[in-house]
1. Would you pick out the residues in the range 286-305 that are touching a helix residue (DSSP H, G or I) at 6+ places or on another chain (Cβ under 8 Å), over 16 Å from residue 470 (Cβ atoms) and surrounded by 13 or more Cβ atoms within 10 Å (Cβ to Cβ)?
2. Looking only at the range 394-403, decide whether some residue is in contact with a Lys or Arg (Cβ under 8 Å, 6 or more places away or on another chain), touching a residue at least 24 places away in the same chain (Cβ under 8 Å) and within 24 Å of residue 40 (Cα to Cα).
3. Which condition breaks for residue 346 when tested against (1) open to solvent by 40 Å² or more (accessible area, probe 1.4 Å); (2) small (Gly, Ala, Ser); (3) touching a residue at least 12 places away in the same chain (Cβ under 8 Å)?
4. Where residues in the range 1-38 are charged (D, E, K, R) and outside any strand (DSSP E or B), which of them is farthest from residue 223 (Cα to Cα)?
5. Yes or no: residue 278 surrounded by fewer than 19 Cβ atoms within 10 Å (Cβ to Cβ), on the phi < 0 side of the Ramachandran plot and in contact (Cβ under 8 Å) with a residue 40 or more places away in the chain?
6. I need the full set of residues from the range 349-372 which are farther than 17 Å from residue 439 by Cα, open to solvent by 10 Å² or more (accessible area, probe 1.4 Å) and in contact (Cβ under 8 Å) with a residue 24 or more places away in the chain, in order please.
7. Can you tell me which condition residue 373 does not meet? The list is (1) closer than 28 Å to residue 16 by Cα; (2) modelled with pLDDT under 95; (3) of a type in the set (D, E, K, R), and all the others hold.
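The values are calculated or read from the model by the stated rules, or taken from the named source; none is laboratory data. Not measured: the values here are computed from a predicted model. So basically every Cβ, Gly included, is an ideal-geometry build from the backbone, and we count neighbours across all protein chains shown. Remember, those area values only see protein heavy atoms, side chains included, never the ligands or the DNA or RNA. Shrake-Rupley method; radii C 1.70, N 1.55, O 1.52, S 1.80 Å.
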Amino acid sequence: MPVKPLFEIKSARVQQLGKQLFENLEFVWEEGEHWAILGNSSLELTGFLETLRGNTIVSAGEIQRHFASEFLNQQTSEGQIRSYRDLIAYVSQTYQLKNRSNLQNFYFQQRFNSSEADDAATVLEYIQENSSQIPGPWTLEKVAKLVRLEQLLESSILKLSNGETRRLALALGLMKQPRIFLMDQPMTGLDAESRKGFGDFLKTIIKSGIHVLITANSQEIPEGITHVAELGGKGILKTWKRKYYPADHTYTRQIPWDLSLLKTLVSPIQRAEQEVIRLVNVRIKYGDKTILNDLNWTVQAGEKWQLKGKNGSGKSTLISLLIGENPQAYSQNFWLFGRKRGTGESIWELKKPIGFVAPELVRFFPANQTVYKVIASGLFDTIGLYRKLTPDQESIVWDWIRVFQLDSVANLMISRAPLDKQRWALLARALVKNPKLLILDEASQGMDEFQRLIFKETIGKLIDYSGITLIFVSHYQEDAPESVDQILDLDQPTFSFLNKL
């Protein structure tokens with residue numbers, strides 16, 4: 001009996017946002033196949049998924065979605081108007097969470113203020129509100145157990161860590177009762193334990209009859225995947241059965257800019273030996289849940305730290321203290337740059353010497369903020385630009401735009417910029433004011449392998465040129481710059497901070 005194709009893409013010329021994405025895309029996805037799509041460009045990888053979803057323009061060739069034919073014929077005979085999209089679940093890297101008024105108007109500090117969490121639904125409510133009306137095998141109980149959300153169902157969605165939010169996105173996908181599950185870098189933001197268990201997750205949903213296609217890192221293809229494809233600007237360049245995919249296959253490309261340009265923009269930090277951070281028996285609680293328990297930590301000027309811990313271990317909470325976004329800081333024994341919190345400093349005085357990058361920041365900028373405005377807002381430590389720049393300030397912003405080659409997207413809304421451009425824009429925003437302390441919280445998350453390498457080398461050069469104090473957060477050890485030599489591991493019961501890499 002011949003195997004039925006699910007998708008067929010034939011000689012497709014694909015455009016997105018007015019630009020050609022693929023010149024001649026050919027792809028056949030048959031029943032029983034589960035694909036990992038690899039490549040050098042996050043824009044192309046995401047664009048491939050959007051093409052399968054029907055969200056790009058196919059100006060030549062065709063796409064046939066055979067998997068939906070029987071469903072659509074049945075629905076038509078019953079007088080129902082349905083789309084093939086009803087059978088596709090999609091986990092994006094740019095998921096948005098909405099408040100109870102169905103508006104995406106949360107502000108960044110809100111997630112750390114327990115008194116304001118009521119504006120957001122609980123995990124349970126959010127899943128119920130966003131579940132499909134199409135009948136299927138996936139119940140809330142089954143899904144919550146599979147993705148380990150059982151203990152979080154009564155938690156506000158605003159309180160979830162980045163990895164926990166990713167698990168919520170997977171749950172929402174399953175509650176759509178899909179036949180096709182598309183996932184864009186689904187292991188992004190997951191700790192090592194969760195990434196290891198992702199293969200079990202895939203095998204479970206595949207066994208239920210779901211067909212899976214993901215974009216992935218070439219060195220991290222999960223169990224359950226049967227086929228691998230390499231994607232390029234012309235289309236699919238090569239395919240393998242999973243068992244024949246070369247383990248040492250790598251992608252190489254020339255670094256697109258001169259890293260020495262950084263030297264013209266960063267000023268070496270003139271400092272006497274001093275403490276940048278000192279925490280003494282810091283304890284943070286939300287209700288009955290203790291997030292940080294008697295944490296002691298000292299960071300000296302110029303030190304390079306990696307902050308480690310599983311999803312939900314308290315990394316984001318600790319960072320919120322450092323960047324002035326957590327109201328519980330005032331009740332703690334906590335010093336920044338030698339000054340105790342709560343001794344009369346303004347929030348703007350606190351923020352001025354600190355540069356901060358986290359991918360979720362993009363979600364909190366107003367809809368009218370361009371890449372240029374996002375970078376410029378770093379001069380004032382605001383989530384958005386609300387004042388006119390001086391000529392000197394404009395010049396500095398454009399210097400950073402040119403260093404990271406953001407000219408082509410400078411006037412594009414940040415939410416519409418390619419994901420890798422968003423990451424560089426956030427880094428430029430953090431650096432535009434020449435901070436003394438740089439905090440990078442999964443800052444290269446979602447970038448393709450090559451971009452992550454560039455990001456690592458860029459941060460390494462920045463450290464060499466400036467002597468900046470660094471706190472680096474990543475679930476991937478290989479992303480840490482070589483000069484990072486100290487670890488604070490929040491998974492250790494004593495919060496040991498004397499470990500050397």
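1. Within the range 286-305, 286, 291, 292, 295 qualify.
2. No; the residues of the range 394-403 include none that is in contact with a Lys or Arg (Cβ under 8 Å, 6 or more places away or on another chain), touching a residue at least 24 places away in the same chain (Cβ under 8 Å) and within 24 Å of residue 40 (Cα to Cα).
3. All conditions are met except number (3).
4. Checking each candidate, the answer is 4.
5. yes
6. 363, 364, 365, 367, 368, 370, 372
7. For residue 373, the exception is condition (2).
Okay, residues lined up against (1) open to solvent by less than 10 Å² (accessible area, probe 1.4 Å); (2) under 24 Å from residue 37 (Cα atoms); (3) assigned to a loop (DSSP other than H, G, I, E, B); (4) without any contact (Cβ under 8 Å) to a residue 60 or more places away in the chain:
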| position | (1), (2), (3), (4) |
| --- | --- |
| 125 | no, no, no, yes |
| 134 | no, no, yes, yes |
| 145 | no, no, no, yes |
| 163 | yes, yes, no, no |
| 195 | no, yes, no, no |
| 199 | yes, yes, no, yes |
| 204 | no, yes, no, yes |
| 221 | no, yes, yes, no |
| 233 | no, yes, yes, no |
